[in-house]
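*Asks:* The following block contains the structure, expressed as structure tokens.
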Amino acid sequence: RAKEKGRNRYQFYSSTITSKAFLLIKLENWLHQAIKKNEFTLHYQPQVNILTGEITGVEALLRWYHSEMGQVPPTQLITLAEQTDLIIPVSQWVLRTACLQHVAWLKAGLKDFPITVNLSPRQFQQPNLVSMIKKTLEETGLDPHYLEIEITETSIIHDEKFAAQAFHELRSLGVSISLDDFGTGYSSLSYLQKFPFHTLKIDQTFVQALQNLPQDTAILSAMIMLGRSFNLRVVAEGVETLQQLEILEKLNCKEVQGFLFSRPLKTEDATQLLLQHCIRRETTNIASELTY
Ligand code: C2E
Ligand code: MG
Ligand code: MG
Ligand code: MG
């Protein structure tokens, strides 16, 4: 009996592993197909200057619609791609598509602003990262000054020496580096001093906490001042309400990204928005525009 029990348990355990492995293989297969069948798209979300209403940048965000699974959240998609080796072709597709789109926008006469592309830790740690980016810029014809790479601390923690070297080479190419989800990690403060960031993105949890906890203004204010004292472009993420916008403006934050101004948009909609906004105009205040 004991033997039988043990055997059953073994079978149960083994079948769990099998089904997990099976699921992973199935997902990996779907992801392979997605790359081949061109099932990915990029959505674009603008970053906006609070005072002038000008668009100051656009972030490319990956979308995957699968016939059986529906819309797959990008964080899950990236985690899956990182577990398999598919992160390499996925990231190449994202970078290439974003660069091509930006070249098209610039050709159409839109005003100068950078395009931001997210890199996952494994993407960032590829030994050929810089040469891959350089090659993509050359092939797509995008001037490196228009490209901003967005990473999180996790990409750096793993190997600070590698990160420092990669940053140095990227900066020499003319590519900017943005530190995302600022305030959620462990080492952000020393990283500001050590690495040549161009942009600091304040994590949306700090912005969204504003509604409930007034003391969060203190943290937010400190982070904004810190970024500004390092001469960084400071962008507050996840701005959803006018109230949040007004507080950020008072705290001297110059740029925001969030649903209040625009959700991430599919290419055609993004193009239309950019065409409407990226023309020279008198200084206006978006806070007042949005109240109409
Ligand atoms: P992230 O880089 O922090 O991107 C910002 C996320 O916040 C996006 O989620 C965006 O849709 C969302 N967001 C923007 N404004 C608001 C707002 O006002 N309210 C709320 N609640 N959310 C807002 P998304 O597109 O689901 O992407 C999630 C994460 O997946 C990204 O976080 C990024 O880490 C990753 N990701 C997305 N696209 C890519 C990609 O092409 N490559 C890599 N490596 N990662 C990507
Ligand atoms: Mg982002
Ligand atoms: Mg990011
Ligand atoms: Mg973020």
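*Asks:* Angle check, please: helix 216-229 long axis (alpha carbons) against the longest principal axis of the chain (alpha carbons), in degrees 0 to 90, nearest 10.
*Replies:* Its long axis makes an angle of about 70 degrees.
*Asks:* Taking the radius of gyration and the Kirkwood hydrodynamic radius from Cα positions alone, what is the Rg/Rh ratio for the chain, to two decimal places?
*Replies:* 1.03
*Asks:* For His158, list long-range residues whose amide hydrogen, built 1.01 Å from N in the peptide plane, is under 5 Å from its own amide hydrogen.
*Replies:* none
*Asks:* Further question: Can you spot the aspartates and glutamates whose alpha carbon is less than 18 Å from Lys266's alpha carbon? Ignore those fewer than 8 places along the same chain.
*Replies:* Glu39, Glu59
*Asks:* Sort Val58, Val103 so that the residue with the fewest other Cβ atoms within 10 Å of its own Cβ comes first and the one with the most comes last. Could the numbers behind the result be given before it?
*Replies:* Working: Val58 28, Val103 17.
The order, fewest Cβ neighbours first, is Val103, Val58.
*Asks:* Among DSSP bridges having both ends in the range 15-164, what percentage is antiparallel? Round to the nearest 5.
*Replies:* Rounded to the nearest five, the antiparallel share is 65 percent.
*Asks:* A further question on this structure: How would you rank Leu170, Leu119, Leu24, going from fewest to most other Cβ atoms within 10 Å of each one's own Cβ?
*Replies:* On the way: Leu170 21, Leu119 24, Leu24 13.
Lowest to highest Cβ neighbour count: Leu24, Leu170, Leu119.
*Asks:* Still on this structure, please answer the following. In straight Cα distance, which aspartates and glutamates are under 16 Å from Lys161, not counting same-chain residues fewer than 8 positions off?
*Replies:* Within reach: Glu153, Glu169.
*Asks:* Continuing with the same structure: Please state the shape class of the range 221-267: rounded when a/c is under 1.5, otherwise prolate if a/b exceeds b/c and oblate if not, all from the C-alpha gyration tensor. Don't jump to the answer; show the numbers that get you there.
*Replies:* Working: a/c = 3.46, a/b = 1.59, b/c = 2.17.
It comes out oblate by the Cα gyration axes.
*Asks:* Rounded, prolate or oblate: pick one for the range 164-271, where a ≥ b ≥ c are the square roots of the eigenvalues of its C-alpha gyration tensor, a/c under 1.5 means rounded, and failing that, prolate if a/b is larger than b/c, else oblate. Walk me through the intermediate numbers first.
*Replies:* Numbers: a/c = 2.26, a/b = 1.25, b/c = 1.82.
Because a/c hits 1.5 or more and a/b fails to exceed b/c, the range 164-271 counts as oblate.
*Asks:* Between helix 2-36 and the chain, what is the angle of the helix's C-alpha long axis to the longest principal axis, kept within 0 to 90° and rounded to the nearest 10?
*Replies:* With rounding to tens, the tilt is 40 degrees.
*Asks:* Tell me, which longest segment in the chain has none of the GluC sites (Glu not before Pro) that fall in DSSP loops with at most 13 further Cβ atoms within 10 Å? Spell out each step's value before the answer.
*Replies:* Details: sites that count: Glu68, Glu282.
Result, exposed sites excluded: 69-281.
*Asks:* OK, next. So what is the relative contact order for the range 56-178, in percent, with contacts set as C-alpha pairs under 8 Å and at least six apart? It would help to have the intermediate numbers written out before the result.
*Replies:* Values: 141 pairs, mean separation 31.5, N = 123.
Reported as a whole number, the value is 26 percent.
*Asks:* So what is the relative contact order for the chain, in percent, with contacts set as C-alpha pairs under 8 Å and at least six apart?
*Replies:* Values: 417 pairs, mean separation 59.2, N = 292.
Once divided by the residue count of the chain, the mean separation gives 20 percent.
*Asks:* Per DSSP helix of 4 or more residues, -39500 (n - 2.57); summed, then divided by the residues of the chain. What does that give at 222 nm, rounded to the nearest 500? Could you put the intermediate results ahead of the total?
*Replies:* Working: 13 runs with 152 residues, N = 292.
Roughly -16000 deg cm²/dmol at 222 nm, from the helical runs in the chain.
*Asks:* How would Thr241, Thr18 line up from fewest to most surrounding beta-carbon atoms within 10 angstrom? Provide the component values of the computation, followed by the final result.
*Replies:* Values: Thr241 15, Thr18 10.
In order of increasing Cβ crowding within 10 Å: Thr18, Thr241.
*Asks:* Pairs Lys111/Lys254; Lys107/Lys135; Lys135/Lys201: which exceed 23 Å Cα-Cα?
*Replies:* Numbers: Lys111/Lys254 19 Å; Lys107/Lys135 20 Å; Lys135/Lys201 27 Å.
Correct reply: Lys135/Lys201.
Quick note: the coordinates plus some simple rules give every number you see, no bench work behind them. Keep in mind the model is a prediction, meaning the values are calculated, not measured. For neighbour counting, all protein chains shown are included, and Cβ atoms are generated from backbone atoms with ideal geometry for every residue, glycine included.
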